[in-house]
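Let me begin by presenting the structure, written as structure tokens, before commenting on it.
The values are calculated or read from the model by the stated rules, or taken from the named source; none is laboratory data. Only a predicted model underlies this, so the values are computations on that prediction, with no experimental measurement involved. Note that each Cβ is placed from the backbone with ideal geometry, even for glycine, and that neighbours are counted across all protein chains shown. We work out accessible area using only protein heavy atoms, side chains counted, and drop any ligands, DNA or RNA first. Shrake-Rupley method; radii C 1.70, N 1.55, O 1.52, S 1.80 Å.
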Amino acid sequence: MAQDTLTIVDNRTNRPYSLSIEGGAVRATDFRQIKTSPDDFGVMTYDPAFMNTASCRSSITFIDGERGILEYRGYPIEVLAEHCTFLEVAYLLLFGELPKEAELKNWVHAITHHTMLHENTKKFMEGFRHDAHPMAMLVSTVAALATVYPEARDIHDPSNRLLQIERLIGKMPSIAAMSYRHSLGFPYVYPDNDLSYSANFMNMLWKMVEPKYAANPVLARALDILFILHADHEQNCSTNAMRSVGSSHADPYLATAAAAAALSGPLHGGANEEVLKMLDEIGSRENVPSYVKKVREGHGKLMGFGHRVYKNYDPRAKIIKWTAEQVFEVTGRNPKLDIAMELERIALDDDYFVQRKLYPNVDFYSGIIYQAMGFKPEMFTVLFAIPRTVGWLAQWQEMLSDVDQKIARPRQIYIGQRARQFVPMEKRALHAVTSH
Ligand SMILES: CC(C)(COP(=O)(O)OP(=O)(O)OC[C@H]1O[C@@H](n2cnc3c(N)ncnc32)[C@H](O)[C@@H]1OP(=O)(O)O)[C@@H](O)C(=O)NCCC(=O)NCCS
């Protein structure tokens with residue numbers, strides 16, 4: 001009869017070992033019993049970039065990368081994007097179930113009433129240089145919230161944790177909007193509690209002298225859908241940063257700032273900004289074949305293509321393509337869409353991309369929509385950070401209540417020198433390192 005075990009024979013000692021398989025995984029610590037002598041440390045697993053290591057057990061987000069499936073708490077992303085608001089999905093991610101009407105009402109009220117920033121935070125943001133990158137302003141300001149809410153350090157009290165979660169979800173759009181207006185030299189717009197989460201964000205971004213901001217409903221819904229699509233994506237780089245920093249029991253503002261910092265890189269949330277730069281560089285549809293040829297020959301990457309997990313069309317990219325059509329009916333067509341579609345057509349027909357299973361990811365079309373809505377490319381990653389905050393916080397909560405979790409602390413395989421003789425200054429040889 002089949003057993004859920006794995007038998008390993010150590011060819012150094014000829015000893016067999018039997019390791020349990022649970023949920024398709026063996027525990028890396030079980031390898032430590034495999035030794036050549038009692039003082040041997042035992043076998044480790046080596047997995048830079050976590051290519052095949054599960055760092056947790058989670059019930060929040062499911063991805064089947066081969067089939068292009070994404071589900072939040074078991075619900076397909078396509079269904080949630082069609083039927084829910086972003087705050088409804090936020091509730092689902094955090095609490096595990098879709099809210100009943102009264103629960104949603106209370107939840108929306110709680111988030112809406114945490115959208116204001118303390119005046120000190122506003123002053124803090126006024127100190128940034130006028131040309132500071134909005135993502136750097138967002139990361140620093142989220143970290144600075146830890147100074148405004150020192151009680152957040154009590155992460156073991158569930159009701160205190162919930163308060164900080166509501167504050168973070170409520171204040172993220174306010175910080176994002178303020179960083180945007182700061183870069184334009186415009187005054188800060190206070191939140192309007194009558195508006196939905198995304199309409200209020202648009203109000204804080206774009207209100208000028210009108211007494212009340214009226215968000216275009218098609219654009220507000222498109223933004224809400226984009227927020228739903230970006231809300232969580234299981235153990236990606238920034239979520240791993242959130243869990244790793246949170247595992248030291250740092251407060252949620254500092255852990256969220258660390259996660260946002262991880263998101264800012266061009267290989268992660270910064271990719272949509274890079275896609276627009278790439279489309280600008282390509283310039284027109286006629287130049288697409290030569291650009292793809294250049295990439296195939298090893299000069300650069302197609303930004304917005306490829307994914308560590310998806311080896312099929314990213315399901316979020318499909319919904320974004322559909323949303324783009326709705327947005328363009330209001331804003332007019334962004335001419336970059338034609339270049340992007342040509343790029344997709346040619347790449348998906350090219351052996352290099354087909355063999356490596358490189359498909360458009362979520363970032364490929366999102367930047368084109370954001371630009372049509374009037375956002376500058378520097379804001380794109382900020383627009384990603386707002387909804388992803390929900391995922392980070394859901395994962396942080398799950399991590400804190402998981403008895404298997406401890407402070408994250410990987411092992412290393414040391415390859416440097418050992419026990420060297422100290423060399424006095426006057427006897428040290430010159431070597432090639434230069435300093436600036
Ligand atoms: C997302 C990404 C970082 C995943 O990287 P990864 O899982 O480490 O995959 P690898 O870098 O090992 O890629 C596997 C192969 O595909 C190639 N490849 C991956 N993404 C590519 C891209 N966008 N354009 C061209 N080639 C690409 C790699 O060069 C590698 O080729 P090789 O086997 O000949 O060496 C990577 O696909 C990428 O940099 N994409 C562009 C940035 C982007 O859109 N990021 C947003 C992610 S949501």
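If the condition is being of a type in the set (Phe, Trp, Tyr) and either farther than 17 Å from Glu342 by Cβ or within 14 Å of the ligand (Cβ to nearest atom) (or both), then region 310-328 contributes Tyr310, Tyr313, Trp322. Could you check region 111-137 and list, in sequence order, the residues that are aliphatic (A, V, I, L, M), over 17 Å from Tyr190 (Cα atoms) and open to solvent by less than 40 Å² (accessible area, probe 1.4 Å)? Ala132, Met135, Met137 - these are the residues of region 111-137 that are aliphatic (A, V, I, L, M), over 17 Å from Tyr190 (Cα atoms) and open to solvent by less than 40 Å² (accessible area, probe 1.4 Å). Based on what the data block shows, is Tyr213 assigned to a helix (DSSP H, G or I) and not basic (Lys, Arg)? No; evaluated as a whole, the condition is false for this residue.
A residue that is on the phi > 0 side of the Ramachandran plot and either assigned to a helix (DSSP H, G or I) or touching a strand residue (DSSP E or B) at 6+ places or on another chain (Cβ under 9 Å) (or both) occurs nowhere in region 237-259.
Taking (1) assigned to a helix (DSSP H, G or I); (2) of a type outside the set (Gly, Ala, Ser); (3) over 26 Å from Pro76 (Cα atoms); (4) open to solvent by less than 50 Å² (accessible area, probe 1.4 Å) in turn, Asn334 satisfies each apart from (1). Of all residues in region 258-277, those satisfying the criterion of being more than 12 Å from Pro377 (Cα to Cα), surrounded by fewer than 24 Cβ atoms within 10 Å (Cβ to Cβ) and more than 10 Å from the ligand (Cβ to nearest atom) are Ala258, Ala261, Ala262, Ser264. Among the residues of region 113-153, count how many are over 26 Å from Gly246 (Cβ atoms), assigned to a helix (DSSP H, G or I) and in contact with a Ser or Thr (Cβ under 9 Å, 6 or more places away or on another chain). Looking only at that region, the number is 0.
Within region 284-309, being open to solvent by 50 Å² or more (accessible area, probe 1.4 Å) and away from the ligand (no atom under 11 Å from the Cβ) holds for Arg285, Glu286, Asn287, Pro289, Ser290, Lys293. In region 356-371, the residues that are at pLDDT below 90 and within 11 Å of the ligand (Cβ to nearest atom) form Cβ pairs under 6 Å with partners that are among the acidic types (Asp, Glu) and assigned to a loop (DSSP other than H, G, I, E, B), at six or more places apart or across chains, as follows: Asn361/Asp314; Val362/Asp314. Would a scan of region 202-219 turn up a residue that is in contact with a Leu (Cβ under 8 Å, 6 or more places away or on another chain) and open to solvent by less than 20 Å² (accessible area, probe 1.4 Å)? Yes, because at least one residue in region 202-219 is in contact with a Leu (Cβ under 8 Å, 6 or more places away or on another chain) and open to solvent by less than 20 Å² (accessible area, probe 1.4 Å).
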